[in-house]
1. Using alpha-carbon pairs under 8 Å, 6+ residues apart, how would you state the relative contact order of the chain in percent?
2. Check Phe39: other-chain or 5+ apart residues with amide H under 5 Å from its amide H, H built from backbone geometry?
3. Between Ala59 and Phe39, how high is the FRET efficiency from 1/(1 + (r/R0)^6) when r is the Cβ-Cβ distance and R₀ = 25 Å? Nearest 0.05.
4. What does the accessible area of Met57 come to, in Å² to the nearest 10, when a probe of 1.4 Å is used?
5. With just the Cα atoms of segment 17-64, tell me how far they stretch along each of the three principal axes, in Å, largest first.
Amino acid sequence: MSHDGFFKCPRDNCGKRYKYKPGLYRHLRYECQKTRQFFCYICLKRFYQKVHLQSHMVARHLSSDFSITL
């Protein structure tokens, strides 16, 4: 924990800070210096986490004519 009460990413050139330690752990595991492994097969937008892809599908493509399986 840094002096301002936040958990800072230890990796070079990142600078992300999180109020809670699990947020930092999630960042290190799925996001920091990683490629976005989940993608929307309709618009090809990429995401770090599956839950973000699922939210995107519901928000952007649920009303479209495509059949969506989450």
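1. The normalised contact order for the chain reaches 16 percent.
2. HN-HN under 5 Å from Phe39: Phe47.
3. Working: r = 16 Å, r/R0 = 0.62.
So, using R0 = 25 Å, E works out to roughly 0.95.
4. The value for Met57 is about 10 Å².
5. Projected onto the principal axes, the Cα atoms of segment 17-64 cover 38, 20, 13 Å.
The values are calculated or read from the model by the stated rules, or taken from the named source; none is laboratory data. The model shown is predicted, which means the values in this text are computed figures rather than measured ones. Glycine gets a Cβ as well: all are built from the backbone with ideal geometry, and neighbour counts include every protein chain shown. Side chains are part of the model used for accessible areas, which takes the heavy atoms of the whole protein and leaves out ligands, DNA and RNA. Shrake-Rupley method; radii C 1.70, N 1.55, O 1.52, S 1.80 Å.
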